[in-house]
Amino acid sequence: MSLLGGIRPPIAMLSVLLLCIAALTAFQLGRAGEDPVPEAVSTSQQHFAEDGAIALRASLDASITDLSRTAAMFNAGDPVSADTVLDKLSSIYQKWRGTAVIEIKSGRLEAQRGENLPLTAVDRTKLGDEDGLSPRMVRLEHGGTRLLTFAVLSWPDRPQQLLIASSSLKFPGVSLGDDRAIAVVDSSGQVLSSDGLPSPGRGASAKAKTDAARTGKDLAAFAETAAGKARQHPLKSKAPGSGGFPGVSGSLLGDAHETERPVAGYAALTGPVPGEGTESTGLGLTVVSLVDVPENGSAALDSFFWISAAGALLLIGALAVALLIGTVQRPLLQLFLESRRLSRGDLTRPVTQPKYGEASRVGAVLERLRRQLLSEPAQDQELPETRRGRRGRIGMRALVAVCGVLLLVWSAPLVLLLNRAGDSVSVPKSIVHDQRERTDTLADRVRRALNEGHADLTLVASLLDGRTTPAAMTESLEQTRRQHPHYTSIYVLGADGTIVAESGSEPRHPRGKGPSAEPVVLLGEGGNEPVIVEYAKAFKGAAVVGELRIGYLNALLKRPGLGQIRVVDEKHRVIGANSGYLAFEKLPGKIDALVTKANQKASGKNSKDSKDSGEDADNSRPSARVIRSGGVTIAAAAAFDGGGAAGPLRWTVVSWQPAKGLAIPAYDAQNRTVLAGLLGLTAATACLGWLHIIVVRPLRELAQRAEALADGDRRTVMYPRHHDEVGAVTRSLEVIRQQLHEQRKRDVGGSAGRSGSSPPVGRT
């Protein structure tokens, strides 16, 4: 018999698979919701830390680049005093805590602005080394940490000077919300700076002081663990195939405190392109965020459900397997034994015939063939028509289908009906809050990016005057566009609307129209692509104009775990997104209402529908809510809130995502229920299909050919299709066919011999 063929392997495999599925259902799938904190909450904290790492890395890289570009522009012009350099620097950029200029050779302080810098920490003798001008962190006397950035001021016939800027390791524009702490950690696990830690005053209660101490202790412990994990390779830190953040990131779970448990997310500073670092990524910094969330006190489903489902599968599976063994396997094995007995010449006793289906038909044929081998009259070999009809009424195909229906009774409700997470599913509040805070952080990041771009143009404009030739202007514009490829074009626009100098693609500013009074303007309405244009005032009413690539804005919106993200203007028209969109298209109704509410909050107005959602009760925070129509959706909107060139813009960043895509206990239980049902359907389909192909279909063909043989067809040779029980019966029938053929030859030869030896007529 074949190892993969025959009646036994598919039935045995079905039994094993059903046992495995029952065990998996009872002991593994039933664990949905038993984690102390839902996986979606831990993942959300990881994404929060990733946002902090992206914001910190972008801020540090921008500071380093801006200082180097400023020094390069001053070096390209006429020599100026150190005070002029620092005054120009502070008027354009307000990002450094302190700046200074020292003479490299003598170490003399030429000028200083802001806080005092730790100049003694600068080794002037090593500035000429390969990494002599690389940024470095310095610990201050009071315990704070500063990042020192360097650039060289060099003019002919003048001593070289060192331009130094000091910045703190604070997170620019990261919205923390309530009861959240975030910290910057070095490679050794030491906390360099932190925000959001509770600081109870003198009159605080003992519980508040205890909670504050506990939070600080948890943050220190998480910081040490996160620093160790950040040292591993990014490809080894995540599951294969997981995308999103290109660096090392993850989440950590702390010990429970009463009804809450601290959850931390961590993310190492990494470059925007995988495998390519920046100046700030070489500092070995890691961002750690911490928040206390309520524990999941009860499982999403009682384990009794899963044990009951496993028990039901065992009962139904046992019934199905017993039906297959009793009505398919045993009759076929009986046919195999009876056919082999007849083929060996044992014709003494009648054939034991099965009761149903093709096996009954083949058994009846074997009995007829036994009688034919015994040379019984044909009329004694026919079966009554009623008996033959009863035998062929229920076939093996129907019996296998009944087994399939039995297994479908268990699988179909799991796939389609049971444990459905409807619109009333409970979404953890921490996830809604994280959606809100992350959207607010992203809105601030977009606003700061526009401000940084305008500051770069302002620096270029400050170095131009009426004496600058168009060729010199073009050279300065070309250098700026090379350093900032997110501009499609940069040009100098005169007060009368003429273009004095340009670099890049064709300008899209209206011809003949002077510079706009607004620093940032949106053009391109009615076209296929929005155009964001920034104006920086220059000499005599002229302006340096930069047109941003819309892809640069869309790239800022790439944030895993936020779903669909859109940037809309004051008319709620889409001008940027993290996925496919149509320029200036409208938002869905529910999302549009949320944007209106966010704009009302930003303008200090009270919304009439401020109590329409329990998830958004604080009118001082960006808007967030759970929309429960057409599925559960988590949405948040944050309007631009801050100063700078982009401050007057009434733009809004809105994000939304379906809750069913998150690892929430209710959806997790639903997915595992569907998985159990699909496993049952797969096992039934595979094994019963295997049984039908290998056994049932060949047996139906065999029954037809066997009946033709019993009806007198001695010419058709019977070939076995498989080396199994059906094939063995086929071979036995072929042997019987040959025996009948030889018997017929003998009968014909005997009849001819008897007629030839008869006595002559009339002889006495």
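The values are calculated or read from the model by the stated rules, or taken from the named source; none is laboratory data. Keep in mind it's a predicted model, so treat the numbers as computed, not measured. Note that we place each Cβ from the backbone using ideal geometry, even for glycine, and neighbour counts take in every protein chain shown. Heads up: the accessible areas ignore ligands, DNA and RNA and are worked out on the full protein's heavy atoms, side chains in. Shrake-Rupley method; radii C 1.70, N 1.55, O 1.52, S 1.80 Å.
Just want to confirm a number: the relative contact order over the stretch 489-577, from Cα pairs under 8 angstrom separated by 6+ residues, in percent.
Computed over the stretch 489-577, the figure is 23 percent.
For Ala501, what residues show an amide H to amide H distance below 5 Å, using hydrogens built from the backbone and excluding near sequence neighbours?
Val492
Among 215-227, 102-114, 469-481, how do they line up from the highest to the lowest mean number of other beta-carbon atoms within 10 Å?
215-227, 469-481, 102-114
Taking the 0 to 90 degree range and rounding to the nearest ten, how far is the long axis of helix 357-373 tilted relative to the main principal axis of the chain, both from C-alpha atoms?
Rounded to the nearest ten degrees, it is 30.
Going by alpha carbons, how many degrees (0 to 90, nearest 10) lie between the helix axis of 303-324 and the longest principal axis of the chain?
30
Scan around Glu115 for amide H atoms under 5 Å from its own, H built in the peptide plane at 1.01 Å from N, and keep only partners 5 or more places away or cross-chain.
Residues meeting the criterion, in which the H sits 1.01 Å from N, are Gly98, Thr99.
Which order do the peptides 230-237, 675-682 come out in when sorted by mean C-beta neighbours inside 10 angstrom, highest first?
My ranking of the peptides, most packed first, is 675-682, 230-237.
Once you place label points 7 Å from the Cα toward the Cβ at Arg721 and Leu347, how far apart are they in nm?
Inter-label distance under the simple model: 3.0 nm.
Kindly report the accessible area of the stretch 217-285 per residue (heavy atoms of protein chains, probe 1.4 Å, no ligands, DNA or RNA), in Å².
Result: 52 Å² per residue.
Ranked highest first by the average count of other Cβ atoms within 10 Å around their residues, in what order do 412-421, 588-597 fall?
588-597, 412-421
Ignoring ligands, DNA and RNA, please state the percent of accessible area on the chain from carbon and sulfur, probe 1.4 Å.
53
What number, rounded to the nearest 500 deg cm²/dmol, is the helix-based mean residue ellipticity at 222 nm of the chain, given -39500 (n - 2.57) per DSSP H run of at least four residues and division by all its residues?
-14500 deg cm²/dmol
Convert each backbone phi in the stretch 180-187 into a coupling constant with the Karplus relation 6.51 cos²θ - 1.76 cosθ + 1.60 (shift: θ = phi - 60°), then list the ³J(HN,Hα) values in order as whole Hz, x for Gly and Pro.
10, 10, 9, 9, 9, 10, 8, 5
Rounded, prolate or oblate, given the Cα gyration tensor of the stretch 101-141, with a/c below 1.5 counting as rounded?
Oblate.
Residue by residue, what Karplus-based ³J(HN,Hα) values in Hz, rounded to whole numbers, does the stretch 418-431 have, using 6.51, -1.76 and 1.60 with θ = phi - 60° and x for Gly and Pro?
So the Karplus estimates, Gly and Pro as x, are 6, 6, 6, 8, x, 6, 8, 4, 8, 9, x, 4, 4, 5 Hz.
Could you put Leu442, Leu408 in order of accessible surface area, largest first, with the 1.4 Å probe and the full protein assembly present?
Most to least solvent-accessible, the answer reads Leu408, Leu442.
Work out from phi, with θ = phi - 60° and the Karplus expression 6.51 cos²θ - 1.76 cosθ + 1.60, the ³J(HN,Hα) of each residue of the stretch 524-539, listed in order in whole Hz, and give x for Gly and Pro.
x, 4, x, x, 8, 8, x, 10, 9, 10, 10, 10, 10, 5, 10, 7
Distance cut-off 27 Å, Cα to Cα: go down the list Lys586/Lys660; Lys238/Lys597; Lys95/Lys558; Lys170/Lys586; Lys207/Lys429; Lys601/Lys660 and report the pairs above it.
Lys238/Lys597; Lys170/Lys586; Lys601/Lys660
Output the 0 to 90 degree angle, nearest 10, between the alpha-carbon long axis of helix 8-27 and the longest principal axis computed from the alpha carbons of the chain.
Tilt relative to the chain: about 40 degrees.
Calculate the FRET efficiency for Arg420 and Val16 from the Cβ-Cβ distance with a Förster distance of 51 Å, rounded to the nearest 0.05.
The formula returns an efficiency of 0.95 here.
Which distance in Å, rounded to a whole number, links the C-alpha centroids of the stretch 659-716 and the stretch 531-563?
Each part's Cα centre sits 60 Å from the other's.
Quote the accessible area belonging to Asp440 in square angstrom, nearest 10, computed with a 1.4 Å probe and with ligands, DNA and RNA left uncounted.
40
Near the amide H of Leu192, under 5 Å away, which other amide H atoms are found, from residues 5 or more places off or on another chain, if H is placed in the peptide plane?
Answer set, sorted by chain and number: Val184, Val185, Asp186.
Counting alpha carbon pairs within less than 8 Å and at least 6 residues apart, what relative contact order, in whole percent, applies to the chain?
16
Distance from the Cα centre of the stretch 66-139 to that of the stretch 409-453, in angstrom?
The stretch 66-139 and the stretch 409-453 have Cα centres separated by 45 Å.
Using a cut-off of 20 Å between alpha-carbon atoms, which aspartates and glutamates can reach Lys355, once sequence neighbours fewer than 8 places away in the same chain are excluded?
Glu338, Glu367, Glu382, Glu385, Glu701, Glu707, Glu725
So how far, in whole Å, is the C-alpha centre of the stretch 219-278 from the one of the stretch 499-526?
44
So which aspartates and glutamates pass the test for Lys126, namely a Cα distance under 15 Å, with those fewer than 8 places away in the same chain ruled out?
Candidates past the 8-residue exclusion: Glu103.
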